[in-house]
1. Select from the stretch 26-43 the residues that are under 15 Å from residue 56 (Cα atoms) and out of contact with any strand residue (DSSP E or B) (no Cβ under 9 Å at 6 or more places or on another chain) and list them in ascending order.
2. Scan the stretch 98-111 residue by residue and report those that are touching a strand residue (DSSP E or B) at 6+ places or on another chain (Cβ under 9 Å), touching a residue at least 40 places away in the same chain (Cβ under 8 Å) and loosely packed, with under 15 Cβ neighbours inside 10 Å.
3. Of 95, 84, which residue is in a loop (DSSP other than H, G, I, E, B) and either surrounded by fewer than 22 Cβ atoms within 10 Å (Cβ to Cβ) or free of Cβ contacts under 8 Å to residues at least 12 places away in the same chain (or both)?
């Protein structure tokens with residue numbers, strides 16, 4: 001089963017390794033990203049970054065069937081680069097796993113929701129769609145922070161983009 005989906009444009013880094021892995025207590029991690037999967041160097045760096053007790057897979061998002069991961073007995077921590085990737089994953093078998101927004105880089109036309117999250121109009125649309133499909137949504141960089149819920153995320157994004 002997918003224990004948590006984290007949207008983080010940096011994919012695997014210190015917050016993920018030092019805060020989220022111990023918090024989630026998972027032994028499996030899946031990075032679903034076309035670019036990372038095509039880079040042997042990136043995949044190796046991610047494997048070296050996580051503790052040896054954690055099995056990490058770096059797979060291309062394109063064409064990935066999430067059904068076996070959803071059916072797995074052990075919890076899996078899924079990391080994707082952006083909200084569009086979550087939507088694609090849902091279309092490819094990802095269920096209504098909890099969704100954590102951790103880091104979305106600034107892009108032209110995006111609004112700052114938190115110090116590390118910038119969202120565009122299309123990101124807001126995707127987030128609303130994911131919530132309609134049963135995903136619970138929160139935003140926080142690390143587990144010890146108080147999470148922002150969906151309504152506050154959307155309110156902040158809309159206030160900045162209008």
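1. Of everything in the stretch 26-43, those that are under 15 Å from residue 56 (Cα atoms) and out of contact with any strand residue (DSSP E or B) (no Cβ under 9 Å at 6 or more places or on another chain) turn out to be 40, 41.
2. 98, 105 - these are the residues of the stretch 98-111 that are touching a strand residue (DSSP E or B) at 6+ places or on another chain (Cβ under 9 Å), touching a residue at least 40 places away in the same chain (Cβ under 8 Å) and loosely packed, with under 15 Cβ neighbours inside 10 Å.
3. Numbers: 84 fails: in a loop (DSSP other than H, G, I, E, B).
95 is the lone residue from the list that is in a loop (DSSP other than H, G, I, E, B) and either surrounded by fewer than 22 Cβ atoms within 10 Å (Cβ to Cβ) or free of Cβ contacts under 8 Å to residues at least 12 places away in the same chain (or both).
So that you can scan it fast, the table gives a plain yes or no per residue for (1) surrounded by 18 or more Cβ atoms within 10 Å (Cβ to Cβ); (2) assigned to a helix (DSSP H, G or I); (3) under 15 Å from the mean Cα position of the chain (by Cα):
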residue: 4; (1), (2), (3): yes, no, yes
residue: 20; (1), (2), (3): yes, yes, yes
residue: 30; (1), (2), (3): yes, no, yes
residue: 45; (1), (2), (3): no, yes, no
residue: 68; (1), (2), (3): no, yes, no
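So that you can scan it fast, the table gives a plain yes or no per residue for (1) surrounded by 13 or more Cβ atoms within 10 Å (Cβ to Cβ); (2) under 19 Å from residue 89 (Cβ atoms); (3) in contact with a strand residue (DSSP E or B) (Cβ under 6 Å, 6 or more places away or on another chain):
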{"position": "134", "(1), (2), (3)": "no, yes, no"}
{"position": "137", "(1), (2), (3)": "yes, yes, yes"}
{"position": "147", "(1), (2), (3)": "yes, no, yes"}
{"position": "151", "(1), (2), (3)": "no, no, no"}
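Quick note: the coordinates plus some simple rules give every number you see, no bench work behind them. Everything quoted here is computed from the prediction, not taken from an experiment. Here the Cβ is made from the backbone with ideal geometry for all residues, glycine too, and neighbour counts use every protein chain on show.
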